[in-house]
Amino acid sequence: MELYKNMETALQIPWYYLAAADQYEYSIRGSNKSEPLSGVIAIQIKPSKWSGVLNPEPNDQNPLSINFFGGSGLDGNGDGLADRTNDEDLLFTFAKHLLSYGTDDDNIRIALWNYYKRDKAVGIIMGNAQMYKKFNRIDLQEKAFPVPVGTDYTFHSTWGVARGWGGRRSHEGTDIFAHYGLPVRSTCYGIIEMKGWNRFGGWRIGIRDMNNTYHYFAHLNGFTKDLKVGQIVEPGQVIGSVGSTGYGPPGTAGKFPPHLHFGLYKDNGNLEWSFDPYPHLRVWERKDTLKARQ
Ligand SMILES: [Zn+2]
């Protein structure tokens, strides 16, 4: 936070854009293109981009020759070196790229597109930025169990279980069985990315969190009034209620007992895949239970 704030003071670029891009890059680490973290900043700039494509020295740290060869690398901490493994130099260089377009939302969007060449990256970063701006802090990792603890529900690990409807698919999630109308709550700080009907999931909602993980809630009875795509939600905020919708055209319900289907999907910058939410649900349930006792 201090690094971002310093850069905001020095360059007049809102801190939350820098934090948002950094958080995005952090979330896509683990894909094979990433190098190990050298500091706390996760933003990466390729050596050829940093030093200039025609620069004979790919690890050049001399700001003058980098500039001569058209590289982007800059000296952000004033030590005379443009070091692509230094947090301040990296963040300064990245911030200068954004600044060359302007500091309002639209220009930042264009700058990000030119940098990442991926619509999804731009969307995710702008979403992160909105959340940082709204809550004015970086730590937005808190989670919540999707239904109120202490109520009547059951769930088991059902990852990968085969299911019948709609061809051969395996079960990508956990089913929480409960009565119709039990409140369904956001599990995270995030942005509503999807809301509407899907023939498998019925009335469903998708929320993307700060780690670029997509939280999926299906078979809902309905949505909380005025809930909109693009809206920021907090852990525990009611988004809808348990139902049995899905497995057919819009409005189909009652083809199975009421339950919340909850899924988690990870994005690595290129593709999305699902992972087992069950262990996470158990942790969130335990934490909410402890909180309720306090
Ligand atoms: Zn399910």
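Some notes on this structure:
- Unique match (being within 15 Å of the ligand (Cβ to nearest atom) and either buried (at least 19 other Cβ atoms within 10 Å of the Cβ) or on the phi > 0 side of the Ramachandran plot (or both)) among 150, 181, 160, 127: 160
Conditions tested, residue by residue: (1) modelled with pLDDT of 95 or more; (2) within 30 Å of residue 133 (Cα to Cα).
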residue: 19; (1), (2): yes, yes
residue: 25; (1), (2): no, yes
residue: 32; (1), (2): no, no
residue: 46; (1), (2): no, yes
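- Any hit, the stretch 208-216, residues being more than 16 Å from the ligand (Cβ to nearest atom), basic (Lys, Arg) and free of Cβ contacts under 8 Å to residues at least 60 places away in the same chain: no
- Restricting attention to the stretch 184-196, the residues that are within 17 Å of residue 221 (Cβ to Cβ) and either touching a helix residue (DSSP H, G or I) at 6+ places or on another chain (Cβ under 6 Å) or surrounded by 20 or more Cβ atoms within 10 Å (Cβ to Cβ) (or both) add up to 4.
- Of 90, 74, 140, all but one fail to be out of contact with any strand residue (DSSP E or B) (no Cβ under 9 Å at 6 or more places or on another chain), among the aliphatic types (A, V, I, L, M), not in a helix (DSSP H, G or I) and not assigned by TED's automatic domain parsing to the domain that holds residue 272; the exception is 74.
Condition check ((1) on the phi > 0 side of the Ramachandran plot; (2) within 14 Å of the chain's Cα centre (by Cα)) across all residues:
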residue	(1), (2)
208	no, yes
212	yes, yes
225	no, no
228	no, no
242	no, no
277	no, no
289	no, no
294	no, no
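- Filtering 199, 204 for residues that are farther than 20 Å from residue 288 by Cα, out of contact with any strand residue (DSSP E or B) (no Cβ under 8 Å at 6 or more places or on another chain) and surrounded by fewer than 24 Cβ atoms within 10 Å (Cβ to Cβ) leaves a single hit, 199.
- So residue 110, is it outside any loop (DSSP other than H, G, I, E, B) and under 22 Å from residue 124 (Cβ atoms): yes
- Tabulated pairs, the stretch 48-69, first under 13 Å from residue 83 (Cα atoms), second modelled with pLDDT under 95 and hydrophobic (A, V, I, L, M, F, W, C), C-beta under 8 angstrom, 6+ apart or interchain: none
- Within the stretch 228-258, the set of residues being buried (at least 20 other Cβ atoms within 10 Å of the Cβ), away from the ligand (no atom under 16 Å from the Cβ) and polar (S, T, N, Q) comprises just one member, 241.
- Annotation note: Cβ proximity below 7 Å between a residue of the stretch 259-270 that is in contact (Cβ under 8 Å) with a residue 40 or more places away in the chain and more than 8 Å from the ligand (Cβ to nearest atom) and a residue that is among the acidic types (Asp, Glu) and not in a strand (DSSP E or B) (sequence gap 6+ or interchain) occurs for no pair.
The values are calculated or read from the model by the stated rules, or taken from the named source; none is laboratory data. Note that the structure is a prediction, hence the values are computed from the model and not measured. So basically every Cβ, Gly included, is an ideal-geometry build from the backbone, and we count neighbours across all protein chains shown.
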